[in-house]
Amino acid sequence: MSAKYKPNEIETRWQAYWERERTFYTDENSDAPKFYMLEMFPYPSGRLHMGHVRNYSIGDVVARYKVKCGYNVMHPFGWDAFGLPAENAAIERGVHPAGWTYSNIRDMRGQLQKLGLGYDWNREIATCHPDYYRWEQLIFLKAFEKGLVYRKKALVNWSEKMQTVLANEQVIDGVDYRYGLPVIQKELTQWFFKTTAYAEELLDGIDNVLEGNWPRRVLLEQRSRIGKSHGARVEFKLEEAVDGETALPVFTTRPDTLWGVTFMSLAAEHPMALKLAVGTEREVEVDAFIQKTLAEDKRKRGSEDYEKQGVFTGRYCINPVNGVKVPVYIANFVLMDYGTGAVMAVPAHDQRDFEFAKKYDLPIKVVIHPDENTALDPAAMTEAFVDDGIMVNSEQFTGKSNRASIERIADFLAEKGWGGKTINYRLRDWCVSRQRYWGAPIPVIYCDKCDVVPVPEDQLPVMLPEDVTFEAEGGSPLAKCESFVHTTCPKCGGAARRETDTFDTFVESSWYQLRYASPRYEDGPVDPAAIEKWLPVDQYIGGIEHAVGHLMYSRFYHRLMQDLGFFPKSVSPEPFHKLLTQGMVCKETRYTKDENGNPVWHTDDDIDENGMSKKDGQKVLTGRVEKMSKSKYNGVDPEAIMARYGVDSARMFVLFAAPPENDLVWKDEGVDGVFRFLSRVWNMVQQRLDALKAAFPFDGNVDGLSDAGRELRKLTHQTIKGVTDDVHERFHFNTAIAKCMELMNVISRFSGATDNAGDASIQKEAVLALVNLLSPFAPHICEEIWQQLEQAGSISTVAWPVYDEDAAKESTVTIAIQVMGKMRGTVEAPAGCSNGEMEKLALAHENIQKHIEGKTIRKVIVVPGKLVNIVAN
RNA sequence: GCCAGGGUGGCGGAAUUGGUAGACGCAAGGGACUUAAAAUCCCUCGAGCUAACGCUUGUACGGGUUCGAUUCCCGUCCCUGGUACCA
């Protein structure tokens, strides 16, 4: 008996072969159409996990398929190498972040190469390298020149534990994403990118480019984050000017309720909030209320049961449409960062205003009735009427539909000079300052004389200093690094200080896809010619968790760089034309309970063969299926799986167990299954090796074939067609693999090849097709078999098989026969037989006759080649 | 609350345009080979009824459209995400 399937031996050999032959290195001189395949690059934590295996296996299948289809494929890889874990390692273990990061990169690169992934390693980048971040500094300075970057004092999410500012995405329910510890609001001067300047363009991109090519969910989330809403701006004049301000502008989507305004609400953060009360007898009370509101954390302010509270400022403003004087309140539910931070309150038609008015006994004035016959009584209302209806008490608009009047009222405001139509966005500018060491330094110098001075371009990069000290809770190591902080002002030459904040790491990941096109370019962040050639990314793959963070920032940054002239406008405004978001890798959790009833999580190794815990001797229970994580002890180490079953089985399993966008439930038995399948393919080839090698290519003459031979030929071509359909664009790798398994099942039962030359040729054709189709999923075993069968070249570069339309055709079809829509039998009919013949065959069927006996046939429905339904009663 | 996506055997999942529900795999059961086990190979496998041909029922639940519905429409329940005082 021939050699057993030993994956580890063949895998290392073929990985070396691909690297030696540069199989997956991009050929810049190729004339073939380009295909840019990209998966989201990882943070180099040092350990590969199953999520990586899944993400990169999916991408590798697509890349390999495109190579085989003749595309000039660019499939690069790199590292999102700045970030907090490196600093934590420095604090906890005394290793320098740079050393730690580069050694992690080395380890992970080794692990990835063991997965047999086809990357162009010549293009590898690490964002922590000065050759990368120097360009980021340049982009920042150019944006600063153009006014697309600015500095402002802002309330930011501050983590006491990490001593840094966090992005909104990094704060979940008031606690940080990493430690789950409280995040407070703190006022700091921060650098911002003007993302809001691109709100409309970001929406256009969704409509014109991404719609239909990105998952609907992601686009929906992006649209709602941008939060475009049409409305009106209305100027409410203050009764008397305060501190030079004469009016309070508001944003409203309901100008139709203007005549129902009975008071005004300002956010506690509103610049006029305290000023209105200064010098009046209400000052103390207002100040106390503002202090109290600001001190409360965001989570509490956002929670459902947060009580609506407010305080009267003592001032009034004038409703422009009717001259009515209304009191100005500070209210804790008004948000400063939406609209103007001031709200015209219409208690009759807004639920929040209604509750507030009830609490503080403010008037409620109805200006919309549900219809002509129904009038609302303010005193009897228990909640605001927020639906559409007929306007009342609204002067010239009385009696009109409120919905239809919204636009006309906005125009009316504009005519009178009281405001007008406006569009408001929820999107905020992007705060990129981080009080952290392991990031790209923000290239700015502060001089007492010259204020904010950008670092001159010829002095870039501003290098991260190496000689810094790390302490657990000591704040930014950069700020304490004297040699870094002290510098001279580029303008006046006097003593000056450097900015000690570094960029949010989302800045690096916003343009890495552009850098890959010319990774060693030295005259700018990107070579414009390379961008024109390679962008956009044709297929991007990554986790759904980046739906609004990374994917929004990159879309913004791409446009920013384009506007700054780094590459031409002829390039698509969107960096990623197609997006696939893959699901998480999950596994059952196993646990026992401690004395307090809290779960004690177990790994598989903590459980003995009787299902008892080795930790505490209790019976181990099975918990929910959850995302693999360190804390739940339900992770599976890819290295262990690769050592036990081989890379091909590990890859095949993650592709076969679920479609890519679904969550995947890890099952060791499932890996057994695909390993068994690959072994069967291997053993079949070994057993029939001589016959397969000796067989001639099929000459197209079907006359000499056995029936089984004909069937096998047909199935081979049907399989090529089916697998191609599944892999091409649809990414249904699970069904593609299932079809390969079906073909294999038929091949293994096929026995006619020994005494029939035609059958032998057909068998060879089937096996070669099977190996070719499987090669993107399980490349190593397929290379090995391809070579054993003495086929020319590497299967990785052999053209994807093409099916023969005629060969795939069925000669007979199975007709389903129904009576009154119920299945009553099937009949074999020649392919292409007429509706009349089908009907005849159906009526002749024994079981059908039984069912229509004594009944009148009313109608016969025939679906050609498929089904006959007899309507009889 | 609002928005989106789901709900199919013991399990993961198929069914691409309204046309044979459950492909493929896992688990389970039976058998062959073996002194035995493992491995391998073969068979069975939604539920109920039947000796069997078959019949009934079944894609969360209740209705509807249709010759025919996992697929389309209306209503209900449940799950999973996203979002939450957005004026």
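The values are calculated or read from the model by the stated rules, or taken from the named source; none is laboratory data. Because the structure is predicted, anything quoted here is derived from the model rather than measured. FYI the Cβ positions are ideal-geometry reconstructions off the backbone, even for glycines, and counts take in every protein chain you see. Quick note on the areas: whole protein, heavy atoms, side chains included, nothing else; ligands and nucleic acids left out. Shrake-Rupley method; radii C 1.70, N 1.55, O 1.52, S 1.80 Å.
On a straight-distance basis, which aspartates and glutamates could pair with A:K840 in a cross-link, Cα separation under 17 angstrom, same-chain partners fewer than 8 positions away excluded?
Result set, ordered by chain and number: A:E828, A:E853.
Take A:M823, A:M336, A:M272 and sort them by solvent-accessible surface of the protein heavy atoms, 1.4 Å probe, largest at the top. Don't skip to the answer; put the middle values down first.
On the way: A:M823 105, A:M336 60, A:M272 10 Å².
Largest accessible area first, the list is A:M823, A:M336, A:M272.
Collect residues whose amide H, placed 1.01 Å from N in the peptide plane, falls under 5 Å from the amide H of A:Q818; neighbours closer than 5 in sequence don't count.
A:R824, A:V868, A:N869, A:I870
Sorted by packing (mean other beta-carbon atoms within 10 Å per residue), highest first, where do A:337-345, A:22-30 land? Spell out each step's value before the answer.
Numbers: A:337-345: 21.2, A:22-30: 14.3.
Order by mean packing, descending: A:337-345, A:22-30.
Ranked highest first by average number of other Cβ atoms within 10 Å, how do A:497-503, A:796-802 line up?
Values: A:497-503: 21.6, A:796-802: 16.6.
Result, highest mean Cβ count within 10 Å first: A:497-503, A:796-802.
Can you send over the carbon and sulfur percentage of the accessible area for the stretch A:1-99, probe radius 1.4 Å, protein chains only? Please list the in-between numbers first.
Numbers: 1940 of 3850 Å².
The computed percentage sits at 50.
Compare the peptides A:180-186, A:593-599, A:743-749 by average per-residue count of other Cβ atoms within 10 angstrom and give them in order, highest first. Walk me through the intermediate numbers first.
On the way: A:180-186: 15.0, A:593-599: 8.7, A:743-749: 16.9.
Most protected by this proxy first, the peptides run A:743-749, A:180-186, A:593-599.
³J(HN,Hα) across the stretch A:435-442 via Karplus (A = 6.51, B = -1.76, C = 1.60, θ = phi - 60°), whole Hz, x for Gly/Pro?
Running phi through 6.51 cos²θ - 1.76 cosθ + 1.60 with θ = phi - 60° gives 8, 9, 7, 7, x, 7, x, 7 Hz.
Find the accessible area per residue for chain A; the probe is 1.4 Å, ligands and nucleic acids are left out, and the unit is Å². Don't skip to the answer; put the middle values down first.
Values: 38840 Å² over 873 residues.
Heavy-atom SASA per residue in chain A reads 44 Å².
Cα-Cα over 28 Å: which of A:K308/A:K365; A:K142/A:K491; A:K153/A:K491; A:K152/A:K533?
Numbers: A:K308/A:K365 20 Å; A:K142/A:K491 18 Å; A:K153/A:K491 25 Å; A:K152/A:K533 39 Å.
Over 28 Å apart, Cα to Cα: A:K152/A:K533.
Nearest 10 degrees, 0 to 90: what angle lies between the long axis of helix A:130-145 and the longest principal axis of chain A (Cα atoms)?
40 degrees
Around A:V585, which amide H atoms from residues at least 5 apart in sequence, or from another chain, sit under 5 Å from its own amide H, with H modelled in the peptide plane?
Counting only residues 5 or more places away or on other chains, the set is A:M628, A:L664.
For the stretch A:622-720, with only Lys/Arg (+1) and Asp/Glu (-1) charged at the beta-carbon, what is the dipole magnitude about the Cα centre, in debye rounded to 20?
On the way: 14 positive and 14 negative charges, 39 e Å.
That gives a dipole near 180 debye.
Can you tell me, using C-alpha contacts under 8 Å and at least 6 residues apart, the relative contact order of chain A as a whole percent?
On the way: 1587 pairs, mean separation 110.7, N = 873.
Taking the mean separation of contacting Cα pairs over the length of chain A, I get 13 percent.
Would you kindly state how much longer the chain becomes between A:S629 and A:Q849 on full extension, computed as 0.36 nm times their sequence separation minus their alpha carbon distance, in nm to one decimal?
Values: separation 220, 0.36 × 220 = 79.20 nm, distance 6.16 nm.
Full-extension gain reported as 73.0 nm.
Choose one of A:V242, A:Y516, A:H602: the residue whose Cα lies farthest towards the positive end of the charge dipole of chain A (beta-carbon charges +1 Lys, Arg; -1 Asp, Glu; about the Cα centre).
Going by the Cα projections, it comes out as A:H602.
Just need the Rg to Rh number for the stretch A:316-371, please, alpha carbons only, Kirkwood Rh.
Values: Rg = 12.1 Å, Rh = 12.5 Å.
On the Cα set of the stretch A:316-371, Rg over Rh gives 0.97.
Residue farthest toward the positive end of the dipole of the stretch A:431-588, with Cβ of Lys/Arg at +1 and Asp/Glu at -1: which of A:I544, A:Y437, A:L464?
A:I544
Per residue of chain A, what 222 nm ellipticity follows from adding -39500 (n - 2.57) for every DSSP H run with n ≥ 4, rounded to the nearest 500?
-10500 deg cm²/dmol
In the stretch A:687-808, with Lys and Arg counted as +1 and Asp and Glu as -1 at Cβ, which of these residues, A:C782, A:N734, A:A808, has the Cα nearest the positive end of the dipole, that is, farthest along it?
Value: A:N734.
Tally Lys/Arg at +1 and Asp/Glu at -1 over every other residue whose Cβ is under 11 Å from the Cβ of A:P830; what's the total? All intermediate terms of the calculation are to be shown ahead of the outcome.
On the way: positive: none; negative: A:E810, A:E828, A:E837.
Net local charge, A:P830 excluded: -3.
Return, for the Cα atoms of the stretch A:639-779, the radius of gyration and Dmax in Å, separated by a comma.
For the stretch A:639-779, the Cα radius of gyration and maximum Cα-Cα distance read 16.1, 51 Å.
So what's the net charge close to A:D605: Lys and Arg +1, Asp and Glu -1, counting the other residues with Cβ under 13 Å from its Cβ? Spell out each step's value before the answer.
Values: positive: A:R590, A:K614, A:K615; negative: A:D604, A:D606, A:D608, A:E609, A:D637, A:D668.
Neighbourhood net charge equals -3.
Under 8 Å for C-alpha pairs, at least 6 residues apart: give me the relative contact order for the stretch A:614-689, rounded to a whole percent.
21 percent
Explain nothing, just compute: Karplus ³J(HN,Hα) = 6.51 cos²θ - 1.76 cosθ + 1.60, θ = phi - 60°, for every residue of the stretch A:239-244 in order, whole Hz, x for Gly and Pro.
Karplus values, whole Hz, x for Gly and Pro: 4, 9, 4, 10, 6, x.
Dipole of the stretch A:44-200, Cα-centred, from +1 at each Lys and Arg C-beta and -1 at each Asp and Glu C-beta, to the nearest 20 debye? Present the calculation step by step, with values, prior to reporting the outcome.
Numbers: 20 positive and 16 negative charges, 67 e Å.
Computed about the Cα centre, the dipole is about 320 debye.
What does the charge add up to near A:T127, with Lys and Arg as +1, Asp and Glu as -1, over the other residues with Cβ less than 13 Å from its Cβ?
Surrounding charge for A:T127 is -4.
List the GluC sites (Glu not before Pro) within the stretch A:613-717 that DSSP assigns to loop and that have no more than 16 neighbouring Cβ atoms inside 10 Å. Don't skip to the end; give the middle numbers.
Details: sites: A:E626, A:E639, A:E661, A:E669, A:E711; in loops: A:E661.
Counting only loop positions with at most 16 other Cβ atoms within 10 Å, the GluC sites (Glu not before Pro) in the stretch A:613-717 are A:E661.
What do the square roots of 5 times the Cα gyration tensor eigenvalues come to for the stretch A:812-872, in whole Å, largest first, as semi-axes of the equivalent ellipsoid? Don't jump to the answer; show the numbers that get you there.
On the way: eigenvalues 66, 24, 17 Å².
So the three semi-axes of the stretch A:812-872 are 18, 11, 9 Å.
Please compute, for the alpha-carbon atoms of chain A, the extent along each of the three principal axes and give them in descending order in Å.
So the three principal-axis extents are 108, 86, 67 Å.
With charges only on Cβ, +1 for K and R and -1 for D and E, what is the dipole size of the stretch A:672-793 about its Cα centre, in debye, rounded to 20?
Details: 12 positive and 16 negative charges, 44 e Å.
That gives a dipole near 220 debye.
With θ set to phi - 60°, apply the Karplus curve 6.51 cos²θ - 1.76 cosθ + 1.60 along the stretch A:666-674 and write out the HN-Hα couplings as whole Hz, x wherever there is a Gly or Pro.
Ordered by residue, 3J(HN,Hα) equals 6, 9, 4, 5, x, 5, 3, x, 6 Hz.
Name the lysines eligible as straight-distance cross-link partners of A:K627: C-alpha to C-alpha under 22 Å, and not fewer than 8 places from it in the same chain.
In chain and number order, the partners are A:K587, A:K593, A:K667.
For the stretch A:397-494, state the average projected area of the convex hull of the C-alpha atoms over all orientations, rounded to one decimal in nm².
Values: hull surface 52.2 nm².
Average projection, Cα convex hull of the stretch A:397-494: 13.0 nm².
Once you keep just the Cα pairs under 8 angstrom separated by 6 or more residues, what percentage relative contact order results for the stretch A:520-610?
Numbers: 88 pairs, mean separation 28.8, N = 91.
The normalised contact order for the stretch A:520-610 reaches 32 percent.
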